[in-house]
Amino acid sequence: MILDPKTDLTFTRTINAPRALLWECWTSPEHIKNFFVPKPHSIEKCEIDLRVGGKFNTTMNVDSNLMENEGVYLEVEHGKRLVFTDTYSEGWKPAADPFMTAIIEFEDDDNGGTTYTATARHRSTEARQSHEDMGFYDGWGTVATQLEKYAESLK
């Protein structure tokens, strides 16, 4: 994948958990609720239809404000790669004001863990900058840390 620094944000981290377990966490609503947003925020509801065109809907609780996010999967490569976007909702209904497309990639490392890469692609330089200013690296980094801790609790 070729990244465009003008519109893409990305980071890679090694997570001390097997790839199959991280995949399960990212593709099961009951697991998503345990790591998907930085605490103390939470996921109140999650709906997943794990297929291209299938829904990936979340309702986030941020400071007692419920924020609904509807999206679809654009790519599902079992155990390796998830691509989802809020540009469309189920049935390919266009969103009025889409924010990003996310790409989550999992690769085995040499020590039983996983090389985890999270990328956010944006429509414009301004949207990318806004996401960075909102705390992309801290927020998505916190989510990766929460994912690792949660996955370790499942081993």
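Read-outs: derived from the displayed coordinates by stated rules, not from any lab. Everything numeric in this text was worked out from a predicted model, so none of it was measured. Every residue, glycine among them, receives a Cβ derived from its backbone with ideal geometry; neighbour counts consider all protein chains shown.
List of remarks:
- Prolate/oblate/rounded label for the range 1-92 (Cα gyration tensor, a/c 1.5): rounded
- Taking Cα centre as origin and charging only the Cβ of basic (Lys, Arg, +1) and acidic (Asp, Glu, -1) residues, the dipole magnitude of the chain rounds to 120 debye.
- Nearest-0.05 FRET efficiency for Asn111 and Thr142, computed from C-beta distance (R0 22 Å): 0.45
- In the chain, the DSSP-assigned H stretches of four residues or longer account for a calculated mean residue ellipticity at 222 nm of -8000 deg cm²/dmol, using -39500 (n - 2.57) per stretch and the full residue count as denominator.
- Each Lys and Arg Cβ is given +1 and each Asp and Glu Cβ -1; about its Cα centre, the range 80-155 then shows a dipole of about 280 debye.
- Here the range 90-128 is scanned for amide nitrogen atoms under 11 Å from the site 7 Å beyond the Cα of Leu3 along Cα-to-Cβ, giving 117-121.
- Prolate/oblate/rounded call for the range 41-152, Cα gyration tensor, a/c under 1.5 rounded: rounded
- Label-point separation, Glu30 to Lys45 (7 Å along Cα→Cβ), nm: 2.0 nm
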